[in-house]
1. Quick one: which residue in GLY213, GLY219 is out of contact with any helix residue (DSSP H, G or I) (no Cβ under 7 Å at 6 or more places or on another chain), surrounded by 19 or more Cβ atoms within 10 Å (Cβ to Cβ) and in contact (Cβ under 8 Å) with a residue 12 or more places away in the chain?
2. Between residues in segment 180-199 that are at pLDDT 90 or above and residues that are of a type in the set (D, E, K, R) and part of a helix (DSSP H, G or I), which pairs lie under 8 Å by C-beta distance while being six or more apart or on different chains?
3. Taking segment 21-42 on its own, how many of its residues are buried (at least 19 other Cβ atoms within 10 Å of the Cβ) and on the phi < 0 side of the Ramachandran plot?
4. Quick check: is even one residue across segment 5-13 in a strand (DSSP E or B), over 19 Å from the mean Cα position of the chain (by Cα) and within 28 Å of SER187 (Cα to Cα)?
5. What is the residue count in segment 29-43 for residues that are at pLDDT below 95 and out of contact with any helix residue (DSSP H, G or I) (no Cβ under 8 Å at 6 or more places or on another chain)?
6. Give the residue that is farthest from ARG59 (Cα to Cα), with candidates limited to residues of segment 84-109 that are among the polar types (S, T, N, Q) and modelled with pLDDT under 90.
7. Being closer than 29 Å to SER61 by Cβ and either loosely packed, with under 13 Cβ neighbours inside 10 Å or not assigned by TED's automatic domain parsing to the domain that holds GLY63 (or both) is the requirement here; does GLY125 meet it?
8. Scan segment 201-210 for residues that are surrounded by fewer than 20 Cβ atoms within 10 Å (Cβ to Cβ), in contact with a strand residue (DSSP E or B) (Cβ under 7 Å, 6 or more places away or on another chain) and of a type outside the set (D, E, K, R) and report the count.
Amino acid sequence: MDRLDAAGVEVGFEGVRALDGVDLTLARGEILGLIGPNGAGKTTLVNVLSGFLKPTAGRVSLGARRLDGLTPQQLGRAGIVRTFQSARLFGGLSVADNVEIGGLGRGLGRRRARREAFALLEWLGLDRYADIPSKALPFGLERRVGIARALALDPRFLLLDEPAAGLGEAEAQAFVHLVAEIGKRYSCGILLIEHNMPVVMRVCHRVHVLAGGRTLAIGTPDAVQADAAVRQAYLGVKH
C-alpha cells in the first residue's frame, strides 16, 4: 500500500521535547486533518515529514523505503511536497514563473513546465494573474499560488501548513472545495494542518489531534469533536 508513515517520532530542542513518540499514517487518496493547540507540535511534525527537520528518534517511511534523513529536495522527488504558513513566493517573479519553478524542480523541460504551469493556473482560476508579480497579490491569492507551485511538483502526498489561515468565510468555503478536488485530481494523500475547525471538519476523512507533542486522539471528524479529552485540551470545553 502506498502510505506515508511516521513511527515513534521524537524531536527535542534544548531539553524540551516537542514531539514525544508520535505515530501518524497517511494513505493515498486520504485527507487527514492535523489539529491541536498552539505549541502542540504540528509544524514540527510536518517539518520532520518533509525533511526540514531530522527526528531525534523514530522513523518516517514511504512503503518499505525509509525517508528520515533525506533532504527536502529528495523527498520532493519522491512525491512528498509541502506548503508553508507563509506562501514563500518569489516576489519579483510573475505568478506563472513561480508555478513553473515547481515543474522545473521535478525535472521537466522549460517548455513543458511552462505549459503545465498555465494549465494549473487555469484550473485554479488564477490564469488572469499569470503575468502579475507575485508580490502584488492579495493574501488569499498568494496562498493559492503557493498550492499551485506545490501541485506543479506532482505530489503523491501534499502537506498543507495552515493554508486557510486568514481567509474569509467565502474564501474558506472555496478552499474546502479546492482541497477535495485536489485529492481527486491527483489521487494524493493530503495532510491538512489547520486552526479553522469548520474547514477541517468539512473536508477531512480523519483527524489526528496533537497536544503537548503527543497524540491525543485519532478518528473521524465526528468522533474527534465528541471526544471529551479533545474538547477540554483543544476546544477549552470542560467535561
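1. Testing whether each residue is out of contact with any helix residue (DSSP H, G or I) (no Cβ under 7 Å at 6 or more places or on another chain), surrounded by 19 or more Cβ atoms within 10 Å (Cβ to Cβ) and in contact (Cβ under 8 Å) with a residue 12 or more places away in the chain leaves just GLY213.
2. ILE193/LYS42
3. Looking only at that region, the number is 10.
4. The answer is yes; a qualifying residue exists.
5. Qualifying residue count, segment 29-43: 6.
6. By that ranking, first place goes to SER86.
7. On the way: closer than 29 Å to SER61 by Cβ: no; either loosely packed, with under 13 Cβ neighbours inside 10 Å or not assigned by TED's automatic domain parsing to the domain that holds GLY63 (or both): yes.
No, not satisfied.
8. Looking only at segment 201-210, we keep the residues that are surrounded by fewer than 20 Cβ atoms within 10 Å (Cβ to Cβ), and these are 201-202, 205-206.
This time we only want the ones that are in contact with a strand residue (DSSP E or B) (Cβ under 7 Å, 6 or more places away or on another chain), so: 205-206.
Still in the list and also of a type outside the set (D, E, K, R): 205.
Total meeting the criteria: 1.
The values are calculated or read from the model by the stated rules, or taken from the named source; none is laboratory data. These numbers were taken from a predicted model, which means no experiment stands behind them. Positions of Cβ are backbone-derived with ideal geometry, glycine not excepted, and every protein chain shown enters the neighbour counts.
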